[in-house]
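Some notes on the structure that comes next.
The values are calculated or read from the model by the stated rules, or taken from the named source; none is laboratory data. Given the structure is predicted, the values throughout are model-derived calculations rather than measurements. As a convention, Cβ positions derive from the backbone with ideal geometry for all residues, glycine included, and neighbour counts pool all protein chains shown. Accessible surface is based on the protein model in full, side chains and every heavy atom, while ligands, DNA and RNA are left aside. Shrake-Rupley method; radii C 1.70, N 1.55, O 1.52, S 1.80 Å.
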Amino acid sequence: MGHGIAYLLAAAGHSVAVFEPDAEIRASLQQRLRAIVDLLDGDPALTKRIEAYDQLAPAMQGANFVFEAAPEKLPLKQKIFAELESIVAADTILASNSSAIPSTKIGLNLQHRERVLGTHFWNPPHLVPLVEVIQTEWTSNETVRQTIALLDAAGKKPVHVQRDVPGFVGNRLQHAMKREAIALVAAGVCDAETIDTVVKEGFGARTAVLGPMEQSDLVGLNLTLDIEEVLLPYLDRSAEPHPFLREKVLAGKLGMKTGEGLRKWTPEAANAVRERLSRFLAEQAKASKKAPSKA
């Protein structure tokens, strides 16, 4: 995620410093950035605005914004933010790219919690427009305003999440659907391939232009209520991951990287999915740049 965030900020004209302690990953940064340039037909010169560091302090020198994209481990993120607070200026905005961990917990022990917030980019961040800007109980309105302005100017679609709940908005919606999908497969209602077909060829075909609230108002809330009166009692209500998912993980069936997860994958089939996704998102990103802006 880090190199994609660095790219989109550099493409917006900013100088970007990347702290990466792993030498191998750090050495591959420019190669990964050039791959994004090639994918988006971008300007190769913009990668010169991005510099990699093996130490945190020199990387953060003079920083106005810091975007953290470390692994999803709360103690690690808390440690990074504590180090950042001792290095950067008191008004430097500190943003976490966590997918689920509340920034309230990440910044709990900091002195200047008013400048801490969440910025949940969606993967890959240089292609997916949305960024959830999550305000904690301590985050100042000015911090939110500046962050949204920065992301908007960089061509992203920032949304203001006003309460810092686990999973924010997007992942709560996504995993609510995944919970039901896994339960359907585990119960033998259908196989995993059918789930994917139903989503992609059914309601997913309109989701990019019609959100669930719009769709509910479109068909009428009376119809939505009638359907939910019948359906909701039968939906999965598990408060923890389904045993079916745990069994897959324990058996080493982790998905495309192991050849089997909820579906079986050959290397060729897995690569085809990755290429299809990358091509689709890249085409969408290019089209968005070419679209005329509204007056």
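Condition first: under 27 Å from Ile36 (Cα atoms), open to solvent by 10 Å² or more (accessible area, probe 1.4 Å) and not in a loop (DSSP other than H, G, I, E, B). Can you find one or more residues in the range 130-144 that meet it?
Looking for residues that are under 27 Å from Ile36 (Cα atoms), open to solvent by 10 Å² or more (accessible area, probe 1.4 Å) and not in a loop (DSSP other than H, G, I, E, B), one finds at least one in the range 130-144, hence yes.
Can you find a residue that is open to solvent by 40 Å² or more (accessible area, probe 1.4 Å), farther than 26 Å from Ala282 by Cβ and in contact with a Leu (Cβ under 7 Å, 6 or more places away or on another chain) anywhere in the range 52-62?
No, the range 52-62 contains no residue that is open to solvent by 40 Å² or more (accessible area, probe 1.4 Å), farther than 26 Å from Ala282 by Cβ and in contact with a Leu (Cβ under 7 Å, 6 or more places away or on another chain).
Out of all the residues in the range 268-283, is one or more under 18 Å from Gln174 (Cβ atoms), among the aromatic types (Phe, Trp, Tyr) and either in contact with an Asp or Glu (Cβ under 7 Å, 6 or more places away or on another chain) or assigned to a helix (DSSP H, G or I) (or both)?
Yes; the residues of the range 268-283 include at least one that is under 18 Å from Gln174 (Cβ atoms), among the aromatic types (Phe, Trp, Tyr) and either in contact with an Asp or Glu (Cβ under 7 Å, 6 or more places away or on another chain) or assigned to a helix (DSSP H, G or I) (or both).
Select, from Asp43, Asp54, the only residue that is more than 20 Å from the chain's Cα centre (by Cα), charged (D, E, K, R) and under 19 Å from Gly4 (Cβ atoms).
Only one candidate qualifies: Asp43.
Taking the range 159-189 only, how many residues are open to solvent by 40 Å² or more (accessible area, probe 1.4 Å) and assigned to a loop (DSSP other than H, G, I, E, B)?
Summing the residues that are open to solvent by 40 Å² or more (accessible area, probe 1.4 Å) and assigned to a loop (DSSP other than H, G, I, E, B) in the range 159-189 gives 7.
Give the residues of the range 137-162 that are over 29 Å from Val199 (Cα atoms) and among the charged types (D, E, K, R), sorted by residue number.
Result: Glu137, Glu142, Arg145, Asp152.
Can you name the residue in the range 193-239 that is farther than 30 Å from Arg263 by Cβ and under 26 Å from the mean Cα position of the chain (by Cα) and is also least open to solvent (accessible area, probe 1.4 Å) among such residues?
Ser216
So is Leu254 open to solvent by 50 Å² or more (accessible area, probe 1.4 Å), hydrophobic (A, V, I, L, M, F, W, C) and either modelled with pLDDT of 95 or more or under 24 Å from Thr197 (Cβ atoms) (or both) or not?
Spelling it out, Leu254 is indeed open to solvent by 50 Å² or more (accessible area, probe 1.4 Å), hydrophobic (A, V, I, L, M, F, W, C) and either modelled with pLDDT of 95 or more or under 24 Å from Thr197 (Cβ atoms) (or both).
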